[in-house]
Each structure stands twice: as C-alpha cells, then as structure tokens.
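The values are calculated or read from the model by the stated rules, or taken from the named source; none is laboratory data. All figures in this text were calculated on a predicted structure; none of them were measured in a lab. When we count neighbours, we look across all protein chains shown, and the Cβ atoms used for this are built from the backbone with ideal geometry, even at glycine. The accessibility values were calculated without ligands, DNA or RNA, using every heavy atom of the protein model including side chains. Shrake-Rupley method; radii C 1.70, N 1.55, O 1.52, S 1.80 Å.
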Amino acid sequence: MKFPYIEKESKILGKILRPLIRIEIFSQERMDWETIDEVLVDTGADLCVIPRFLGEIIIGDITLGEYVEIKGVVPTSVLIAFVHKLKIRVAGKEFDTKVAIADSNDVPPILGRFLALDLFRLEFEKGKEITFSE
C-alpha cells in the first residue's frame, strides 16, 4: 500500500514533505476503531506514541498504563508517558503493540518500529511516497 508524503510547514526548513499516514487504533472506551490522520512514520522511534487527548479518547484513564520517561534526540529532555497494549490497523494489517500515550498534547502521533513498522517492508521513494508491504 502506498502513501504519498504530505506537505507541512517547518519552522526551520519552510515547506517540507513528510511521511505521514492514516492509522486506526481500537478504542477500548468506545468499542470501535478511531482513525488518526497524519501519523509520522518514524524508523528512528522505538515505540509508537500518541498525544494525551487521543489516549483519553481511546482508553480513558491513560495513567493506568506503565509509567515511562522517554528521551529523544536531546537526552536532557524527558517526555512522561504511559505504555498500553493496543490494537492498531495500518495498511490493511491489524496487530497488537505497545503504545506510549504522552502526558502532553504537544507530541505528534508517531508510528515507531517495535511490533509496528518492523512488521512491514518499507520503501521510502525519494521523499515522495512510502510503500508498506509484507
């Protein structure tokens, strides 16, 4: 399945194309699938991450998950999150994986490697599109 890159504004680079896709996460609160648009495909991310407001829609009380502190590019910066096992649907494939629900809304939704991107063969085509296959 192919996904075209989406043009976004960058404070540093101006307009830039990014590998953003649509995924679905099964909501334990609503007993239905929730669609999340513009999820960053990030091969440098170990885990999938979603902001707090989406986590509350999907599971309600995010603090019932495993407390973690996530460090990124800047090791002195810490993101507090709660890890939950959730069912995700991407490119026609359903799977269970661990998702870090941030204790912040200032985090973009990210599709990381662990039991997510690592389930696919990915091709990034010259900054124009990304192809998911098995």
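Go through the stretch 27-42 and count every residue that is open to solvent by less than 70 Å² (accessible area, probe 1.4 Å) and either out of contact with any strand residue (DSSP E or B) (no Cβ under 8 Å at 6 or more places or on another chain) or over 15 Å from Glu56 (Cβ atoms) (or both).
So the count comes out to 5.
State whether the residues of the stretch 79-86 include one that is of a type in the set (Phe, Trp, Tyr), part of a loop (DSSP other than H, G, I, E, B) and modelled with pLDDT of 95 or more.
No: the stretch 79-86 contains no residue that is of a type in the set (Phe, Trp, Tyr), part of a loop (DSSP other than H, G, I, E, B) and modelled with pLDDT of 95 or more.
Given the structure, is Ser77 over 20 Å from Ile130 (Cβ atoms) and either within 16 Å of the chain's Cα centre (by Cα) or open to solvent by less than 30 Å² (accessible area, probe 1.4 Å) (or both)?
No; evaluated as a whole, the condition is false for this residue.
Within the stretch 95-104, does at least one residue satisfy the condition of being free of Cβ contacts under 8 Å to residues at least 40 places away in the same chain and exposed (fewer than 14 other Cβ atoms within 10 Å of the Cβ)?
Yes, the stretch 95-104 has at least one match.
Which residue pairs have Cβ atoms under 9 Å apart, sit 6 or more places apart or on different chains, and have a first residue in the stretch 3-18 that is in contact (Cβ under 8 Å) with a residue 24 or more places away in the chain and a second that is open to solvent by 80 Å² or more (accessible area, probe 1.4 Å) and outside any strand (DSSP E or B)?
The qualifying pairs are Pro4/Lys128; Tyr5/Lys128; Leu17/Lys128.
In the set Phe82, Phe132, Phe114, Phe120, which member is aromatic (Phe, Trp, Tyr), open to solvent by less than 50 Å² (accessible area, probe 1.4 Å) and touching a residue at least 40 places away in the same chain (Cβ under 8 Å)?
Only one candidate qualifies: Phe132.
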